[in-house]
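In what follows, a single structure is set out as structure tokens and then discussed.
Nothing in this text is a laboratory measurement; each read-out follows from the coordinates by a stated rule. On a predicted model such as this, the values are computed, not experimentally measured, just so you know. Here Cβ is always computed from backbone atoms with ideal geometry, including for glycine, and neighbour counts include all displayed protein chains.
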Amino acid sequence: MGERHLFYDELGNEIEFIVKAKFTLDDTDYVALLPADDIESYTYILKIEIDDNGDELLVGIDDEELIDAQKTYEELMKENLQ
């Protein structure tokens, strides 16, 4: 399916996610993640930002940006099925 990565929630608990896709929309990078322990769950789409040290940070996005990113992600998935 995709690469597995460990992330930490706000309480410091480990959560493993599967990276389903990385994509770019209007010069902004996004990642689509699926909880590894619940593949029937929703796919999360987060924005990738780069901090001062050059490390990637995943950032939540507002509803309007999410709609645009979701459309792009769905188009990408349709292209991959063809």
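General remarks:
- When we screen D29, D68, D37, D9 for residues that are over 14 Å from the mean Cα position of the chain (by Cα) and in contact (Cβ under 8 Å) with a residue 12 or more places away in the chain, the only hit is D37.
- Once region 5-55 is narrowed to residues that are surrounded by 11 or more Cβ atoms within 10 Å (Cβ to Cβ) and of a type in the set (D, E, K, R), the residue that is farthest from K71 (Cα to Cα) is E16.
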